[in-house]
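Read-outs: derived from the displayed coordinates by stated rules, not from any lab. The structure displayed is predicted, hence computed values, not measured ones. Note: ideal-geometry Cβ built from the backbone for every residue, glycine included; neighbour counts use all protein chains shown.
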Amino acid sequence: MKRFNFTKRIFSLVLAIFCVLPSLLLGLSGCGEALGSGETVTLYVYNWGEYMSDGSEGCLDANAAFEEWYFDTYGQKVKVNYSTFSSNESLYAKLSSGSVSYDVVVPSDYMIERLIAEGLLAPLNYDNISNIQNILPEFQNADYDPDKDGDGYNDYSVPYLYGMIGIIYNTTMVDEADIGSWELMWNETYAGNILQFNNSRDAFGTAQYYLGLDVNSDDEDDWRAALDKLKAQKPILQGYVMDEIYNKMENGSAGIAAYYAGDYLAMYENNPDLEFFYPKEGTNLYVDAMCIPKSSKNKEIAEAYIDFMLTETPAVANAEYTYYASPNRVVLENEEYIEYMGEIKDDAYEKMYNTDSVMTSSYENLSGDKLLLINELWEELKSDVTVSAGIYVICGVIVGIVAVCAVYLMIRKQRRRID
Amino acid sequence: MRKTSLFQKIAAAPHILWAILFIVAPMIFVLYFAFTDAEGKFALANIASLSQYGNVFVLSIAFALIATAICLVIGYPLAYFMSRQSPRAQKILMVLVMLPMWCNLLIRTYALMALLDNGGLLNALLEKLGLHKVSIVGTNFGVILGMVYDFLPYMVLPIFTAMTKLDKRYIEASHDLGCNGWQTMTRVIMPLTVSGVISGITMVFVPSISTFYISQKLGAGKIDLVGDTIERLFQNPSTYNVGAAISLVMMLLIIISVRIMNHFSDDERESGHGKSGKGGGIVP
Amino acid sequence: MKFLSRCYIGLIFLLLYVPILVLIVFSFNESGSLAEFSGFSFMWYEELFNDEEALSSLMNSLILAVSSSVIATVIGTFGALGLHRMRSKYVKGAVNTVTNIPMMNPDIVTGVSMMLLFVAVAAIVKSQSFFGFGTMLIAHVTFNLPYVLLSVMPRFKGLDKSLSEAAQDLGCTPARAFFMVELPEIVPGIISGLMLGFTMSLDDFVISHFVSSPDFQTLPLYVYNQTAHNVKFSMYALSALIVVVILVILLVVNFAGSVGSRKASKKRR
């Protein structure tokens with residue numbers, strides 16, 4: 001066994017040399033990041049899709065603004081490499097695989113809890129993030145990231161934006177009498193027009209809220225009950241999607257979808273037929289926060305990045321771009337922002353901020369075996385495909401024809417050989 | 001015979017080294033992952049858990065089979081008719097077959113989805129004409145349609161090549177010997193183009209059975225095929241092992257079916273069925 | 001009959017091209033909707049050319065396609081030479097079979113197998129930024145190799161052995177004999193291998209999907225990310241441009257190129 005390990009090591013060393021060599025040769029390696037002022041440092045930012053003001057249609061390009069600000073302040077050129085993910089789970093997979101390193105990531109609450117528990121995040125140094133005082137106090141010392149060192153702030157994360165899950169529906173397709181409850185997502189009248197989340201936690205959440213179960217339940221039966229509900233829903237779904245939902249809801253390809261409140265406003269802008277409600281059974285409140293992974297090579301620049309995003313201009317731009325609710329005081333006090341929200345939709349501001357009447361709960365990090373269970377159940381749901389009799393018949397016919405042809409060809413070959 | 005020189009001996013060394021490091025070794029890793037658990041201990045649990053994906057496998061094979069059959073039924077006559085056109089027209093048609101092949105698959109699939117979606121152009125037109133809307137995206141039909149649309153050129157091109165290589169004198173001879181059109185077709189043309197057909201079948205079947213983008217877009221994430229399952233399992237390090245087991249089974253499945261099909265090909269020596277046909281034509 | 005067959009050809013090609021044509025037409029659509037044409041505009045093209053991400057992924061694609069096809073061609077050509085001279089039929093067959101694996105295997109299996117290899121190596125050397133250009137290059141060279149071998153090998157088989165021997169009798173070293181006598185003969189095979197590799201690499205999505213990092217995004221990966229999110233309408237413009245570029249290349253290769261190399265193409269198949 002030991003010998004095997006040794007050869008494995010030698011073998012992988014050879015491989016490693018092969019893998020690293022080309023990038024070294026071409027000078028594209030990320031190793032030579034000496035902080036000489038002449039050299040450009042790359043800052044890797046990993047965020048949700050459509051989650052930062054990107055300069056389109058005249059809005060602020062937040063990353064470019066940071067690059068400029070950083071150069072003006074510190075005289076160091078920084079290039080932001082901005083990439084996006086579509087679920088907390090895929091972010092986790094990337095971070096835990098250790099194959100890629102990021103400097104700033106923006107996971108949601110329960111995932112931050114998990115990343116902290118697994119030691120994947122670096123504690124923040126608030127000396128470098130002076131604008132942290134812009135964040136409203138109710139977002140500090142959060143359940144997912146308790147303030148253990150007593151400085152009054154979260155130890156590992158700085159809230160970026162927050163919101164709640166609700167149901168978006170198309171008023172031309174859905175009867176007003178049917179709205180108000182999670183029931184709508186299971187209503188067979190709208191078979192083929194319903195979209196469900198394509199990530200396990202949110203999808204299970206919809207079923208759990210509908211059934212009145214605890215979304216952080218320790219009881220396996222609760223999760224199984226939710227699975228049964230989701231399985232029952234599958235035949236009437238159009239599909240499981242994430243950000244494809246934008247196009248599908250905007251062009252009327254689907255009529256009902258559970259999604260994040262801020263994204264609803266973005267869709268509404270392109271399709272005024274869309275409406276939105278928070279289900280009466282309760283729903284999920286989430287906070288997405290900026291964190292620095294332990295593997296970050298430029299922690300100080302990453303902290304400067306977080307600090308910059310808390311200042312008025314980028315914070316307002318991001319809140320306006322995403323339509324998500326901001327935990328940032330300077331945004332909420334910004335007249336132009338409030339006006340902007342009112343222009344989007346009369347009740348946009350209320351929908352996002354006056355949400356005291358809505359029953360909410362947050363996802364928490366689950367124990368290891370529960371995570372495995374959800375994974376298993378999710379696989380069970382996704383691999384639950386039915387092969388209809390019609391498909392069997394068609395395939396039977398095809399195989400039959402092929403078999404006849406094959407036999408014919410064989411006989412011909414045989415006969416030729418005899419000739 | 002001259003002794004092989006050192007130069008000739010080592011000429012293939014980099015190639016062989018590369019093949020061992022980056023073709024053989026990855027395969028070994030697939031095997032290794034398929035038969036170990038997350039801690040790296042030997043385990044058969046991954047293989048055992050495959051039973052859960054039985055239906056997914058059946059569905060994938062069925063879809064690939066149906067798509068291949070439709071491609072053959074549409075593509076064979078098309079290739080035949082194309083081969084009967086004037087040389088100049090043939091050349092233009094050939095370019096027209098190859099253009100979709102060289103356009104990225106993602107773009108074509110997305111274009112098809114955007115066209116067929118409930119809120120897409122097709123349904124907008126139907127609505128204007130006062131007809132009933134059709135839902136295609138998110139159904140079995142949609143996924144199969146996507147496969148046929150994406151992979152039809154892969155069927156047409158090899159058959160068309162076989163047709164053009166076919167010696168016209170055989171056809172004339174068969175007419176002279178009193179065959180009617182149908183007899184010429186079944187007794188002369190079809191047997192002589194079997195190798196093209198086999199090539200085409202392989203080139204449609206293999207990508208169809210392993211696709212994940214088509215089912216993601218045209219199946220709206222609801223119709224899971226083997227490719228989707230593998231893709232999803234490889235997004236999470238804790239499920240690499242099951243993913244490797246599924247990849248292994250799919251690989252074996254394809255090797256076996258390609259072997260069986262090649263068995264019926266007349267000239268067994270013709271190698272590189274795989275996807276090689278894609279290269280045909282673009283290179284002068 | 002002739003008329004009917006023409007109708008059939010026309011119909012199938014029409015169906016094959018409708019989605020692509022719709023995409024091209026609607027890339028000029030002012031509103032960006034794919035269901036209604038509201039007005040003609042170049043704005044999505046303008047946006048595309050201002051989209052740094054799209055442009056840098058195009059650049060990356062080209063860099064990767066050029067480097068991977070050149071490396072694969074060099075390795076594969078010498079490999080073909082060595083294999084051609086190899087005495088042992090057994091080794092020859094084994095190497096050939098192994099090289100063809102990426103061509104026979106579905107892309108997804110090749111992709112995940114390489115990913116597993118890289119993941120394992122990254123875990124052992126504890127590298128944080130292992131995935132990127134290096135892994136992409138390796139993967140692309142690997143799947144280009146069989147195509148190079150496929151186009152170069154037949155050239156070697158068609159070589160007259162006595163030529164090289166004559167050169168050596170006249171005092172050439174075997175290496176010199178190869179470069180002076182044999183290489184020029186197999187150049188067409190090398191070029192077709194190179195072009196094949198280049199285009200395969202440019203087009204590849206599935207394998208890249210598994211071995212890439214956000215550090216190094218190619219054009220197909222960019223398109224994939226676009227279609228997984230809220231699609232920017234500039235992507236339609238990008239798609240339309242790709243279709244047109246490929247059409248032009250195909251026309252040039254098939255018509256202009258055919259004048260000079262008719263003989264070569266006849267020999268090839």
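Some values worked out for this structure:
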item: Estimated Rh, the range C:27-134: Kirkwood, alpha-carbon pairs, angstrom; result: 18.8 Å
item: Residue among A:Leu310, A:Ile398, A:Tyr408 farthest towards the positive dipole end of the range A:255-410, charges placed on Cβ; result: A:Tyr408
item: Long-range HN-HN contacts of B:Val137 with modeled amide H, under 5 Å; result: B:Asn118
item: Rg to Rh, two decimals, where the protein assembly as shown supplies the alpha carbon set and Rh follows Kirkwood; result: 0.98
item: Residue mean of other protein chain beta carbons inside 10 Å, B:223-233; result: 4
item: Relative contact order (%) - chain B, alpha-carbon pairs under 8 angstrom, separation at least six; result: 26 percent
item: Lys, Arg +1 and Asp, Glu -1 on Cβ, resulting dipole of the protein assembly as shown about Cα centre, debye, nearest 20; result: 9260 debye
item: Mean Cα-pair separation over length for chain A, i.e. relative contact order, pairs under 8 Å, 6 or more apart, %; result: 22 percent
item: Cα-based helix-to-principal-axis angle, C:183-203 vs chain C, degrees rounded to 10; result: 30 degrees
item: For peptides A:388-394, B:18-24, sequence by mean Cβ density within 10 Å, most packed first; result: B:18-24, A:388-394
item: Summed side-chain charge close to A:Trp378 - residues other than A:Trp378 whose Cβ falls under 10 Å, Lys, Arg +1, Asp, Glu -1; result: -1
item: Other protein chain Cβ atoms within 10 Å, averaged over every residue that makes up B:115-127; result: 6
item: Dipole magnitude of the range C:59-231 about its Cα centre (Cβ charges: Lys, Arg +1; Asp, Glu -1), debye to nearest 20; result: 460 debye
item: Mean separation of Cα contacts under 8 Å, 6 or more apart, over the residue count of chain C: relative contact order %; result: 30 percent
item: Hull shadow area, averaged, the range A:338-419 [alpha-carbon convex hull, nm²]; result: 15.0 nm²
item: For the range B:66-267: rounded, prolate or oblate by the Cα gyration tensor [a/c cutoff 1.5]; result: oblate
item: All-pairs Cα distance distribution in the range C:59-231, expressed in whole percent, bin size 10 Å; result: 10, 32, 30, 17, 9, 2, 0
item: Under the span-like rule (Cα at least 18 Å along the axis, Kyte-Doolittle mean at least 0.5), DSSP H helices of chain A; result: A:2-25, A:389-418
item: Net charge contributed by nearby residues that have their C-beta within less than 13 Å of A:Asn134 (K/R +1, D/E -1); result: -2
item: Bins of 5 Å from zero: percent of alpha-carbon pairs in the range B:122-219; result: 2, 12, 15, 13, 12, 11, 10, 9, 8, 6, 2, 0
item: Cβ crowding within 10 Å averaged over residues, with C:168-179, C:143-154, C:225-236 ranked highest first; result: C:143-154, C:225-236, C:168-179
item: Stokes-Einstein D in µm²/s, Kirkwood radius over Cα pairs - the range A:98-196 at 25 °C with 0.890 mPa s viscosity; result: 144 µm²/s
item: Relative compactness, chain A, computed as alpha-carbon Rg over 2.2 N^0.38 Å; result: 1.19
item: Antiparallel %, DSSP beta bridges [both residues in chain A], to 5; result: 55 percent
item: Chain A, helix-only ellipticity at 222 nm - DSSP H runs n ≥ 4, -39,500 (n - 2.57), divided by all residues, nearest 500; result: -14000 deg cm²/dmol
item: Dipole magnitude of chain B, debye to nearest 20 (Cβ charges: Lys/Arg +1, Asp/Glu -1, about Cα centre); result: 740 debye
item: For the range C:26-166, with +1 on Lys and Arg beta carbons and -1 on Asp and Glu, the positive-most of C:Leu48, C:Asn105, C:Phe156 along the dipole; result: C:Phe156
item: Under 5 Å, built H, 5+ apart or other chain: amide partners of A:Phe85; result: A:Asn47, A:Trp48, A:Gly49
item: Shape call, the range A:268-419: gyration tensor on alpha carbons, a/c limit 1.5; result: prolate
item: For B:143-155, mean number of other protein chain Cβ atoms within 10 Å; result: 1
item: Mean Cβ count within 10 Å, highest first, over the residues of peptides B:133-142, A:299-308; result: A:299-308, B:133-142
item: Within-10-Å neighbourhood charge of C:Leu163 [Cβ basis; K, R +1; D, E -1]; result: -3
item: Most positive-pole-ward Cα, A:Leu184, C:Val95, C:Ser69, against dipole of the protein assembly as shown from beta carbon charges; result: C:Val95
item: Whole-Å semi-axes of the range B:87-151's equivalent ellipsoid (Cα gyration tensor); result: 28, 15, 10
